[in-house]
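Participant: Mind looking over this structure? Questions follow.
The values are calculated or read from the model by the stated rules, or taken from the named source; none is laboratory data. These numbers come from a predicted model, not from an experiment. All Cβ positions, glycine included, derive from the backbone under ideal geometry; neighbour counts span all protein chains shown.
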Amino acid sequence: MNIMPITERQKSILEKIIEEYIDLATPISSQRLCQRYDFSICPASLRIEMDRLTKQGFLEQPFISSGRIPTDKAYRFFVDIFLRNKKKADENDLLKSFEKTKEEITNSLNLLHSLTKAISEMTSNLAIGYLPNKKLIFKEGWSEIAKEPEFMNIKKFADFIELIENWEQDIFQEKNWPETMKIWIGKENPYTKSDDFSAISCQCFFPDGEMGIMTIFGPKRMAYNRNINVLSLLK
């Protein structure tokens, strides 16, 4: 079956559905989109476009007559295409915060701890900082991540904890850490029972020359633009 290329209008619709779902954590209806955005088409045409995006694998409908939610394919498209040309939001404020922390703390151990805490607060996700030479891990943000709607489901929260435990076990064995930012979305995660989560990881270097790894973990519905902006400041 031939898959039609996604149109500019469909890109715009898909972007807004992803942004709305990230904010609301509930399926997005055509009615809500019509009320909030002007796509220069009638409601019936908008529903047709959403049906096409569903057939192309970018959206799914959890229940009959419900709105749509993004798929892994949609999030990957969002990350690879949309964010490539987006202007970084609030970069100056974030950069000032990081630079102040770096100036006040020169020891790599204390600096990693402070940065991990700062990143967890900025993203409201779980942040894990790792120093390979010392095989030391800092984790911050459990109280915030536990407030996400996805984790009202006890099983999903247990699966998330298992993902973190598996990552911790494997990171100690890893030698070839990615030099560029790495993003795992849903099923791209290498662990079982991690389809509902995403992770963003990058290297960071400290004033004393030591290399660290910083990773943000959260629900697949994480704010990728904000999280990527935050981690990009560590490079």
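Participant: Could you please find all residues in segment 115-132 being out of contact with any Gly (no Cβ under 6 Å at 6 or more places or on another chain), more than 18 Å from Gln173 (Cβ to Cβ), buried (at least 19 other Cβ atoms within 10 Å of the Cβ) and among the aliphatic types (A, V, I, L, M)?
Facilitator: Selection gives Leu115, Ile119, Met122.
Participant: Of all the residues that make up segment 133-166, how many are of a type in the set (Lys, Arg), exposed (fewer than 15 other Cβ atoms within 10 Å of the Cβ) and assigned to a helix (DSSP H, G or I)?
Facilitator: Residues meeting the conditions: 1.
Participant: From Lys182, Lys220, which residue is under 15 Å from Ile128 (Cα atoms) and not small (Gly, Ala, Ser)?
Facilitator: Matching residue, one of Lys182, Lys220: Lys182.
Participant: Follow-up question, since we're still on this one. Can you tell me how many residues in segment 49-61 are part of a helix (DSSP H, G or I) and either of a type in the set (Gly, Ala, Ser) or in contact with an Asp or Glu (Cβ under 7 Å, 6 or more places away or on another chain) (or both)?
Facilitator: Number of matching residues: 1.
Participant: Tell me which residues, restricted to segment 1-15, are part of a helix (DSSP H, G or I) and either farther than 25 Å from Thr123 by Cβ or outside the structural domain of Tyr75 (by TED's automatic domain parsing) (or both). It would help to see each step written out before you state the result.
Facilitator: Initially, segment 1-15 is screened for residues part of a helix (DSSP H, G or I), giving 8-15.
Hits for segment 1-15 are Glu8, Arg9, Gln10, Lys11, Ser12, Ile13.
Participant: Report yes if some residue within segment 191-204 is aliphatic (A, V, I, L, M) and over 25 Å from Thr71 (Cβ atoms); otherwise report no.
Facilitator: no
Participant: Which of the following residues is outside any helix (DSSP H, G or I), modelled with pLDDT of 95 or more and of a type outside the set (Lys, Arg): Ile41, Ile69, Ile64, Ile18?
Facilitator: On inspection, the qualifying residue turns out to be Ile69.
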